[in-house]
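*Asks:* Encoded as structure tokens, here's the structure I'll be asking about.
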Amino acid sequence: QVQLVESGGGLVQPGGSLRLSCAVSGSSLSFAAVHWARQAPGRQRVLVASITSADTTTYADSVKDRFAISRDNAKNTVYLQMNSLKPEDTAVYYCAADMRGLRIWGRGTQVTVSA
């Protein structure tokens, strides 16, 4: 059974940084596209960053130049480095992997940006 577990969320001041991790078990991450998405209270879940198996990355305009997605296939882990955080980045952050014809989601980690 494939499982994704996010970690690294927390409370940070505006302008601060956090690094989220997504550890995958039950299958190799090497050939999967992986995504980070976020969902703020009362709003829809939206993708913010993606990385393909060939390490091609894409970002939502709202996080471009501030967030960076990366992967470590040896550790079966994907990261989201978040810099220059803003209050509007506050949300539950989820990772998802495209495996075996499915998009498999983790349970999320809360990120709160507040003074």
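The values are calculated or read from the model by the stated rules, or taken from the named source; none is laboratory data. As the structure is a computational prediction, the values presented were derived from the model and not from experiment. We place every Cβ from the backbone using ideal geometry, glycine too, and count neighbours over all the protein chains shown. For accessibility, only protein heavy atoms count, side chains too; no ligands or nucleic acids. Shrake-Rupley method; radii C 1.70, N 1.55, O 1.52, S 1.80 Å.
*Asks:* Taking θ as phi - 60°, what are the ³J(HN,Hα) couplings along region 76-88 by the Karplus curve (6.51, -1.76, 1.60), each to the nearest whole Hz, with x for Gly and Pro?
*Replies:* 6, 9, 10, 10, 10, 8, 10, 10, 6, 5, 10, x, 6
*Asks:* Running a GNM on the chain with Cα contacts under 10 Å, which residue among Pro87, Pro14, Pro41 ends up with the highest mean-square fluctuation?
*Replies:* In this elastic network of the chain, the residue with the biggest mean-square fluctuation among Pro87, Pro14, Pro41 is Pro41.
*Asks:* Same structure, new question: Given a 1.4 angstrom probe, I'd like the percentage of the accessible area of region 1-73 that is carbon and sulfur, rounded to a whole number.
*Replies:* Heavy-atom surface of region 1-73 belonging to carbon and sulfur, 1.4 Å probe: 47 percent.
*Asks:* Translational diffusion coefficient of the chain at 4 °C, 1.567 mPa s, Stokes-Einstein with Kirkwood Rh over Cα pairs, in µm²/s as a whole number.
*Replies:* 93 µm²/s
*Asks:* Let me ask you something else. Among Ser114, Cys95, Gln1, whose Cα lies farthest out toward the positive end of the dipole of the chain, if unit charges sit on the beta carbon of Lys, Arg (+1) and Asp, Glu (-1)?
*Replies:* Checked the options; the winner is Gln1.
*Asks:* Separate question: So what does log10 I(q)/I(0) come out to for region 35-84 at q = 0.15, 0.30, 0.32 Å⁻¹, using the Debye formula with one equal point on every Cα and no solvent?
*Replies:* So the normalised log intensities work out to -0.42, -1.19, -1.26.
*Asks:* If you rank Arg66, Arg19 by how much accessible surface each has, with a 1.4 Å probe, what is the order from largest down? Provide the component values of the computation, followed by the final result.
*Replies:* On the way: Arg66 30, Arg19 125 Å².
Of Arg66, Arg19, the descending order of accessible area is Arg19, Arg66.
*Asks:* If you take every DSSP beta bridge whose two residues both sit in the chain, what share of them, in percent to the nearest 5, is antiparallel?
*Replies:* On the way: 39 of 42 bridges.
DSSP beta bridges in the chain are roughly 95 percent antiparallel.
*Asks:* Still on this structure, I have one more. Starting from 0.36 nm per residue, how many nanometres of slack lie between Gln13 and Ala40 once their C-alpha separation is accounted for?
*Replies:* 8.0 nm
*Asks:* Kirkwood Rh over Cα pairs of region 54-115 into Stokes-Einstein at 10 °C, 1.306 mPa s: D in µm²/s?
*Replies:* This corresponds to a translational diffusion coefficient of 119 µm²/s.
*Asks:* Run the paramagnetic zone check for Phe31: 7 angstrom along Cα to Cβ, then residues of region 74-100 with backbone nitrogen under 17 Å.
*Replies:* 74, 76, 97-100, by backbone N distance to the label point.
*Asks:* Considering only protein heavy atoms, what per residue accessible area in square angstrom results for the chain with a 1.4 angstrom probe?
*Replies:* Per residue, the chain has 53 Å² of solvent-accessible surface.
*Asks:* Within region 84-107, list the residues whose amide N lies under 13 Å from a label point set 7 Å along Cα→Cβ of Ser53.
*Replies:* So the set is 98-102.
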